[in-house]
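Step one of this worksheet: look at the structure below.
All of the numbers you see were taken from the coordinates with simple rules; none came from a lab. Quick caveat, the model's predicted, so the values are computed rather than measured. Here the Cβ is made from the backbone with ideal geometry for all residues, glycine too, and neighbour counts use every protein chain on show.
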Amino acid sequence: MLPAALGLTALFLASSPLRAAATTPSVTSAAPTSAWFTEFSAGLSVIPAGDVTLGGRTYEGDFKDGPFLRGAVGRRFGANWAVAAEWFYRKNKLGSLDAGDRRFTRGDVASNSLFLSATYAPGPRFSWLGIEPYAGLGFGWIQELDLDLQGPDGGGFESGSFPAWQWSLGLKRPLAPRAELFLEGRAVAAGERELQGTGGRRLRIAYDAWGLLAGLRWSF
């Protein structure tokens with residue numbers, strides 16, 4: 001994940017002009033044309049290694065980094081606060097599930113989510129080269145969580161919807177009165193969840209995930 005994260009960071013910073021241009025009022029101090037905005041972003045989904053329980057056995061799970069897609073519609077409240085309704089899709093391929101005498105090496109885990117999040121930006125006085133930090137907190141529902149295991153004793157497992165929290169930290173930079181670039185890290189905490197498979201089989205997994213996103217915000 002580190003090379004990809006560094007690449008995204010470099011791309012974000014490379015989009016900023018030289019300091020003299022970045023601090024010109026025409027870009028950094030231009031007020032958005034509307035309080036309403038939409039966002040599109042993509043990046044990396046990360047699921048930390050953890051235990052997965054299946055058929056009375058505890059497996060050590062390892063998942064590969066995967067795609068993370070996000071769309072949002074939101075509204076600003078003053079110069080510092082914004083609220084957005086967000087949709088996420090993330091998918092991570094299985095690296096391995098290892099229980100010593102039994103091992104899975106093929107499969108994936110995927111989820112769709114809806115969240116309502118609030119973000120706070122401290123303002124231009126905390127910016128550098130036109131880049132401003134912000135932080136966010138959200139609550140929502142993971143609509144569906146699916147885990148597919150390929151191989152003997154594998155199969156598909158899924159859950160219904162369940163609640164989760166998320167936190168975010170990011171950097172943003174105006175491109176024009178209507179457009180901003182942003183780069184952010186996210187953490188989603190859903191706790192341990194039970195998934196059901198065919199024949200009444202059950203699987204338990206801790207679904208606390210991370211993510212790194214880069215995207216564009218456009219004011220209506």
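Brief remarks on what is shown
- Selection among Trp210, Gly197, Phe126 by position relative to the dipole of segment 112-220 gives Phe126 as farthest towards the positive end (Cβ unit charges, Cα centre).
- In degrees, nearest ten, helix 2-14 long axis to first principal axis of the chain (Cα): 20 degrees
- Which label in (i) 1.06; (ii) 0.98; (iii) 1.04 gives the computed Rg/Rh (Cα atoms, Kirkwood Rh): (i)
- In this simple spin-label model, placing a label point 7 Å from the Cα along the Cα-to-Cβ direction at both Ala49 and Phe162 gives a separation of 2.3 nm.
- Amide H contacts of Leu175 (H built 1.01 Å from N, under 5 Å, at least 5 apart or other chain): Glu180, Leu181
- Subtracting the Cα-Cα distance of Asp208 and Phe77 from 0.36 nm times their residue separation leaves 44.1 nm of extension gain.
- The mean sequence distance of close C-alpha pairs (under 8 Å, at least 6 residues apart), as a share of the length of segment 23-161, puts its relative contact order at 18 percent.
- Distance between the pseudo-spin-label points of Asn112 and Ala85 (7 Å out from Cα toward the beta carbon): 1.5 nm.
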